[in-house]
Amino acid sequence: MYRFLLSRQWVLVTLLALALIPTMIELGFWQLHRHEHKVAQNTVIADNMKAAPVPVTDLTSPGHTVPHSDYWRRVTATGHYDTAHEVVVRRRTAADGRVGYHVLTPFVLDNGPTVLVNRGWIPDDGSQMNFPKIPAPPAGRLTVTGRLMADQTTAASGIKDVKGLPPRQVMLISSAQQARALGRTVLGGYIEQTAPDSPGGSPELIPAPDDSSIGPHMAYAVQWWLFSAAVPVGWFILVRREKQDREAAAAEPAAEPEPATA
């Protein structure tokens, strides 16, 4: 009755169904893990941005790798900007999608070390070979407030750290790289400035990350699991239909032979 399942066609169909079920289940769990990661990240963002600012030296030190639990933590730094050694980070986009640079300025702390401060975004001036004109920050001693961020890496950002760039231009923010260029002690990670506001609004301060968006990952997970459940159901329906078609064909009366002509 079900001997047709041993045919080459049905063996291939069955093997395909057996392969699809665990694949779809695994894809569902992959989307679930992405959902959980996004929820955990949003929790870290919300908690750290609500926390009271602390001195940056409380959370990082020279050569320190900022852990994920300290990302976006509000910190303060008191000292003065060193604009003579300012660099720009290439190919960075504003909130509206415009391409330009991030302005990375060393900030010399009162107690000696230097911390890198991302002062915000400026537009591309049309030439990526020349150092852009950057509005000067406030002169003299001041206190900067911002979000603590980890050094950027090619693995995390997906951006290649290109060599041979024009002077004072980089692709990634690296405290170790800037420490070598400056020849002085630099704290690990960097500060994403939130205050004071830039004079004249430039550079544009980087907006706070969105801690409310979760994305459709949970819906995708449920969708993949429903697909995995539909595969055996679909296979069973096809088998039943094939069986019924074969039984109907077997039940049809044989055609009578035509009479012989003289």
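The values are calculated or read from the model by the stated rules, or taken from the named source; none is laboratory data. The model shown is predicted, which means the values in this text are computed figures rather than measured ones. Cβ sites come from the backbone with ideal geometry, for glycine too, and all protein chains shown count toward neighbours. Ligands, DNA and RNA are excluded from the accessible area calculation, which covers all protein heavy atoms including side chains. Shrake-Rupley method; radii C 1.70, N 1.55, O 1.52, S 1.80 Å.
Numbers below:
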read-out	value
Any hit, the stretch 89-100, residues being assigned to a helix (DSSP H, G or I) and open to solvent by 50 Å² or more (accessible area, probe 1.4 Å)	no
Filtered residue count, the stretch 180-189, keeping only those that are open to solvent by 10 Å² or more (accessible area, probe 1.4 Å) and within 20 Å of ILE159 (Cβ to Cβ)	2
Those residues of the stretch 64-81 which are surrounded by 17 or more Cβ atoms within 10 Å (Cβ to Cβ) and part of a loop (DSSP other than H, G, I, E, B), in sequence order	VAL66, TYR71, TRP72
TRP10 part of a helix (DSSP H, G or I), at pLDDT 95 or above and hydrophobic (A, V, I, L, M, F, W, C)	no
Residue in the stretch 38-60 that is of a type in the set (Gly, Ala, Ser) and not in a helix (DSSP H, G or I) present	yes
Output for the stretch 190-210, where each listed residue is open to solvent by 40 Å² or more (accessible area, probe 1.4 Å) and farther than 21 Å from ARG98 by Cα	PRO196
Residue within the stretch 211-218 that is open to solvent by less than 80 Å² (accessible area, probe 1.4 Å) and farther than 30 Å from VAL89 by Cβ present	yes
The listed residue being surrounded by fewer than 17 Cβ atoms within 10 Å (Cβ to Cβ), of a type outside the set (D, E, K, R) and free of Cβ contacts under 8 Å to residues at least 60 places away in the same chain, out of LEU226, LEU238	LEU226
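Each row is one residue, and each column tells you yes or no for (1) out of contact with any strand residue (DSSP E or B) (no Cβ under 6 Å at 6 or more places or on another chain); (2) in contact (Cβ under 8 Å) with a residue 60 or more places away in the chain; (3) open to solvent by less than 40 Å² (accessible area, probe 1.4 Å); (4) under 30 Å from VAL222 (Cβ atoms).
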{"site": "LEU32", "(1), (2), (3), (4)": "yes, yes, yes, yes"}
{"site": "VAL39", "(1), (2), (3), (4)": "yes, yes, no, yes"}
{"site": "GLY112", "(1), (2), (3), (4)": "yes, yes, no, no"}
{"site": "ASN130", "(1), (2), (3), (4)": "yes, no, no, no"}
{"site": "ILE134", "(1), (2), (3), (4)": "no, yes, yes, no"}
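Conditions (1) aromatic (Phe, Trp, Tyr); (2) at pLDDT below 95; (3) part of a loop (DSSP other than H, G, I, E, B), marked per residue:
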site	(1), (2), (3)
ASP125	no, yes, yes
PRO135	no, yes, yes
ALA139	no, yes, yes
ALA156	no, yes, no
LYS160	no, yes, yes
PRO166	no, yes, yes
TYR190	yes, no, no
GLN193	no, no, no
